[in-house]
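The values are calculated or read from the model by the stated rules, or taken from the named source; none is laboratory data. Quick caveat: nothing in here was measured; it's all calculated off a predicted structure. Every residue, glycine as well, gets a Cβ built from its backbone with ideal geometry; the counts of neighbours run over all protein chains shown. These accessible areas exclude ligands, DNA and RNA; they are computed on the full protein's heavy atoms, side chains included. Shrake-Rupley method; radii C 1.70, N 1.55, O 1.52, S 1.80 Å.
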Amino acid sequence: MHGRIKVRTTAEQAEAKRKEREKKLKIYKETTSRIYEKRNNGEMDKESLSLSEQVLAANPDFSTLWNFRREIFLHMKNENPPDVMQDLCQKELFFLKNCLQVNPKSYSVWHHRQWIMEFMPQPDWKEELQLCNKFLSYDARNFHCWDYRRYTAQKAHVSPDDEFNFSTEKIKENFSNYSSWHYRSKLLPLIHPDQSGDKERVEEGALMKEFDLAQNAFFTDPYDQSAWFYHRWLLGRARPQMEILRLYARYDETLATIIVHFTQPIQAPKEDPVVSFGEQEVTGEWHNSFHNNHPSTVLDILLCGHCVFA
Amino acid sequence: MGSQIKDVKIPPNSPTQLSLVKHADFIAAYGKKKDDYEYCITEFLRMSGVYWGLTSMFLMNKQEMMDKDDVIEFVKSCQHENGGFSASHNHDPHLLYTLSAIQILSLYGCIDLIDVEKTVEYVSKLQQADGSFVGDKWGEIDTRFSFCAFASLKLLGRLDAVDLQKAVQYILSCMNFDGGFGCRPGSESHSGQIYCCLGALAIADSLHYVNADMLGWWLCERQLPSGGLNGRPEKLPDVCYSWWVLASLRIIGKLHWIDKDKLRSYILACQDEETGGFADRPGDMVDPFHTLFGLAG
């Protein structure tokens, strides 16, 4: 339970509340037992839909009941023409919208909505996009809705450019929209790829525009974190190439070690290293400091000292 | 004009001492309210609820206050033909509750009471071609499920049953511009999700892929002036992030980037001294979920 404030009540209020709950509980228990019974009997009918709807309207995270509804939809598909199924699915979408009004952060509800859209004969993905816009206007940070929107935009063939404009619009409404800044970080490299061909890099002109936008944001509200994180990302996008930073050799009569420091973690190669000492070639062994196969930025080459200085 | 920082004020008369006895009583009493409306409508997550309660008891060294035989009997009775566990009777098996069931039996050290091979088979069959995991046969994909699968198989000693390389690659495809992780590729970073992904990567010996400095910065910025931690930027604090964020920082070795004293006073202020238990924020209703993560923090 999140964000439920504890309220103090009088004994009388508490008693009234207790009675009300007792009544609610009785109905709840009767309805759920009836549903279990019907499911065990394989009764995939309209009554099952209606009973589970009653429970889910109050308790949308009851995922088993969504499973039962999907079983009913799959069953009904075999017995009904597409127009009937289309109609049933429309009704389900309407019901799901009501569930989302009650709890816009239910994993089960968003997942069932996606399932119905994939299942129905003629899904209207453009209209789904409108639904997402509506729920993002209630809460611009609802990550369930953002995720569903990304899925929907793909299904509705919305271009990354249009999505980028949507993100700009959201940020201009309110700079403090971390979700929308995040989305830009995914879209920017797609829309403005760098000439170098590195998928992570962004073309210079587009980068400068983004710097302006981020600066505007933190001039407006320096205490909001969103634009600062984005700014840090714009700045620090260079990745080190895999290179050897340092080499260090030490030896005594029994053991010679070459310590290699790389710019990125690397797993000890399976092939043994061959080290040349003038004319002589000596085969060694790769190890990290822990003698296991975890990748590391520091690897040792162990050589037998006698072999080297024989 | 600058907006107000989203945070709460800790009321002056908030608790400052840990009331362990009350918390143990709260958990013990919660499991006995079988005819309570709140209790009944949360049946869909009962297995996890039992795990939260039991782990809280173990943390307080009060595990004898829960009936071990009853708990084990309940867990066993929730295993299905396909090897998966459901939250309760009449519910369908799901990876979330399969992990909770395995965790409960592991706490008691009696994992051999169930059909381990079947459980391993259930979990490994949920892996998809791209390395991701679905939560059950209905196809919801989420990095939470990657963690559930890894943790389950690690506890069962059968990590070899899935394609770890692919699973790691999928998790890495969910990494974001801030170094964090989301539910699926393209999803925004979230502290709970970050915990799951770091946990999975740690189990798979793959933490070297994480940019610990960048992610550590994002995670320690979750601390607000009240001392509490939030789950995402510009959100209110919540006691459960004392676990998700702290455990994440611990995994990447940056625990010292947080002001521990302030966090401690925030967590203590979330206790209800009358009923026992922790709430998400000072003055809110308590529940077993926040009680576990308050105690764990």
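Segment B:E273..B:K154, full-extension length gain: 39.1 nm, with 0.36 nm per residue of separation and the alpha-carbon distance subtracted. In the protein assembly as shown, helices alone account for a calculated mean residue ellipticity at 222 nm of -16500 deg cm²/dmol, with every DSSP H run of four or more residues adding -39,500 (n - 2.57). Taking all protein chains as they are arranged and a probe of 1.4 Å, the heavy atoms of B:M65 leave approximately 70 Å² accessible to solvent.
Residues in segment A:134-159 near a label at A:R70, defined as backbone nitrogen under 11 Å from the 7 Å Cα→Cβ point? No residue passes the distance filter. Label sites at A:E43 and A:T220, each approximated as a point 7 angstrom past Cα along Cα to Cβ, lie 5.7 nm apart. When you restrict to C-alpha pairs under 8 Å that are six or more residues apart and normalise by the size of chain B, the relative contact order lands at 20 percent.
Go ahead and collect, in residue order, the members of segment A:109-133 whose backbone nitrogen is under 17 Å from a label point 7 Å along the Cα-Cβ direction of A:H157. From segment A:109-133, the list is A:122-129. Taken one residue at a time, the phi angles of segment B:163-172 give Karplus couplings (6.51, -1.76, 1.60, θ = phi - 60°) of 7, 5, 4, 5, 4, 5, 4, 5, 4, 5 Hz. Gly and Pro are set to x. Heavy-atom accessible surface of the protein assembly as shown, averaged per residue, reaches 49 Å², computed with a 1.4 Å probe.
Burial here means at least 20 square angstrom less accessible surface with every protein chain in place than with the chain by itself, probed at 1.4 Å; in segment B:1-45 the buried residues are B:M1, B:G2, B:S3, B:I5, B:D35, B:Y37, B:E38, B:C40, B:I41, B:F44. Determine the shape class of chain B: with a ≥ b ≥ c the square roots of the Cα gyration tensor eigenvalues, call it rounded for a/c under 1.5, and otherwise prolate if a/b is greater than b/c, oblate otherwise. Judged from the Cα gyration tensor, chain B comes out oblate (a/c at least 1.5, b/c at or above a/b). For segment A:70-150, the C-alpha radius of gyration divided by 2.2 N^0.38 Å, with N the number of residues, is 1.12. Extension gain, B:Q169 to B:E38, is 43.1 nm, computed as 0.36 nm per intervening residue step minus the present C-alpha separation.
Counting every pair of alpha carbons in segment A:1-97, the share spaced more than 17 Å apart comes to 61 percent.
Over the protein assembly as shown, all Cα pairs binned in 10 Å intervals from 0 give whole-percent P(r) values of 3, 14, 23, 26, 19, 10, 4, 2, 0, 0, listed from short to long. Peptide A:176-188 shows a mean partner chain C-beta count of 4 within 10 Å per residue C-beta.
Using a Förster distance of 56 angstrom, determine the FRET efficiency expected from the C-beta separation of B:D130 and B:A29, and round it to 0.05. Provide the component values of the computation, followed by the final result.
Numbers: r = 45 Å, r/R0 = 0.81.
So, using R0 = 56 Å, E works out to roughly 0.80.
How much FRET efficiency would the formula 1/(1 + (r/R0)^6) give for A:K29 and A:R4, where r is the Cβ-Cβ distance and R0 is 25 Å, rounded to 0.05? All intermediate terms of the calculation are to be shown ahead of the outcome.
Working: r = 23 Å, r/R0 = 0.92.
After rounding to 0.05, the efficiency reads 0.60.
Between segment B:234-281 and segment A:148-220, the C-alpha centres lie 33 angstrom from each other.
Contact with the other protein chains removes 40 Å² or more of accessible area, compared with the isolated chain and a 1.4 Å probe, from these residues of segment B:259-289: B:E274, B:D284, B:M285. Highest average first, the peptides B:207-217, B:68-78 ordered by how many other beta carbon atoms sit within 10 Å of their residues are B:207-217, B:68-78.
Diffusion of segment B:213-295 by Stokes-Einstein, at 37 °C in a medium of 0.692 mPa s and with Rh set to the Kirkwood radius over alpha-carbon pairs, works out to 260 µm²/s. Mean 1/r over all different Cα pairs, inverted: what Kirkwood radius does segment B:165-254 give, in Å? One decimal place: 12.9 Å for the Kirkwood radius.
Interface B-A: total buried accessible area of about 5100 Å², 1.4 Å probe, protein heavy atoms only. Here's the list of lysines a cross-link from A:K186 could span, going by alpha-carbon distance under 25 Å and ignoring same-chain residues fewer than 8 apart: A:K105, A:K126, A:K134, A:K155, A:K170, A:K172, A:K199, A:K209, B:K166, B:K235. Peptide B:134-142 has a mean shielding of 4, counted as Cβ atoms of other protein chains within 10 Å of each residue's Cβ. If R0 is 41 Å, what FRET efficiency do you get for A:A16 and B:K76 from their C-beta distance, rounded to 0.05? After rounding, the FRET efficiency stands at 0.50. Counting only heavy atoms of the protein chains and using a 1.4 Å probe, A:R39 has close to 60 Å² of accessible surface. Most tightly packed first, judged by the mean number of other beta-carbon atoms within 10 Å of their residues, the peptides B:38-50, A:19-31, A:216-228 read B:38-50, A:216-228, A:19-31. In this structure the amide hydrogen of A:L255, modeled in the peptide plane, comes within under 5 Å of the amide hydrogens of A:G305, none closer than 5 places in sequence on its chain.
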